[in-house]
Amino acid sequence: QVQLVESGGGLVQTGGSLRLSCAASGRTFSSLAMGWFRQAPGKEREFVSTISGRGGSTYYADSVKGRFTISRDNAKNTVYLQMNSLKPEDTAVYYCAAHRTILTTTLGWDYWGQGTQVTVSS
């Protein structure tokens, strides 16, 4: 079993930055691929970014490419999402998830956190 806890969400103005964190416990963290997802009101959850267990591979949704950066610190059992140049359309609840292999969709992830709200004001 893996427990995931996100933090770092908040209210920011357009063009601002936030860094989300997701702390994991319960299993060898470096064996897990990690992902970030988001869900805006009235919309389906969507893939944002993912990173392999040792951090060698990363993938991004086109909508965030060049603005968001995923990273991980396996010594701290934490994955991060650095979000720059934020736009109002980035407003959503952001979730992290874990799986034994890297995935680039919302399907198949074994473990999910509870989410953290990100609101970007115009």
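What follows is calculated from the coordinates using simple rules that are stated; it is not laboratory data. These figures come from a predicted structure and were not determined experimentally. Positions of Cβ are backbone-derived with ideal geometry, glycine not excepted, and every protein chain shown enters the neighbour counts.
Taking 30 Å as R0, compute the FRET efficiency from the Cβ-Cβ separation of Glu89 and Gln3 and round it to 0.05. Can you show the working numbers first?
Numbers: r = 30 Å, r/R0 = 1.01.
FRET efficiency, Glu89 to Gln3: 0.50.
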Positive minus negative residues near Ser31 (Lys, Arg vs Asp, Glu; Cβ under 11 Å): +3
Quarter of the Cα convex hull surface for the chain, i.e. its orientation-mean projected area (nm²): 6.6
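With charges only on Cβ, +1 for K and R and -1 for D and E, what is the dipole size of the stretch 8-122 about its Cα centre, in debye, rounded to 20? Don't skip to the end; give the middle numbers.
Numbers: 12 positive and 7 negative charges, 52 e Å.
Computed charge dipole of the stretch 8-122: roughly 260 debye.
So, by mean Cβ neighbours within 10 angstrom, what's the order for 53-65, 89-101 with the highest one leading?
Per-residue Cβ counts within 10 Å, averaged per peptide and sorted highest first, yield 89-101, 53-65.
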Coarse-grained scattering of the stretch 69-122 at q = 0.27 Å⁻¹, given as base-10 log I(q)/I(0) from a Debye sum over alpha-carbon atoms: -1.24
Amide proton proximity set for Phe68, modelled H, under 5 Å, gap of 5+: Asn84
Fraction of antiparallel bridges per DSSP, the chain only, in percent to nearest 5: 90
Positive-end residue of Gly115, Ser31, Ala61, charge dipole of the chain with Cβ unit charges: Ser31
Per-bin percent of Cα-Cα distances, the stretch 41-101 [10 Å]: 19, 53, 25, 3
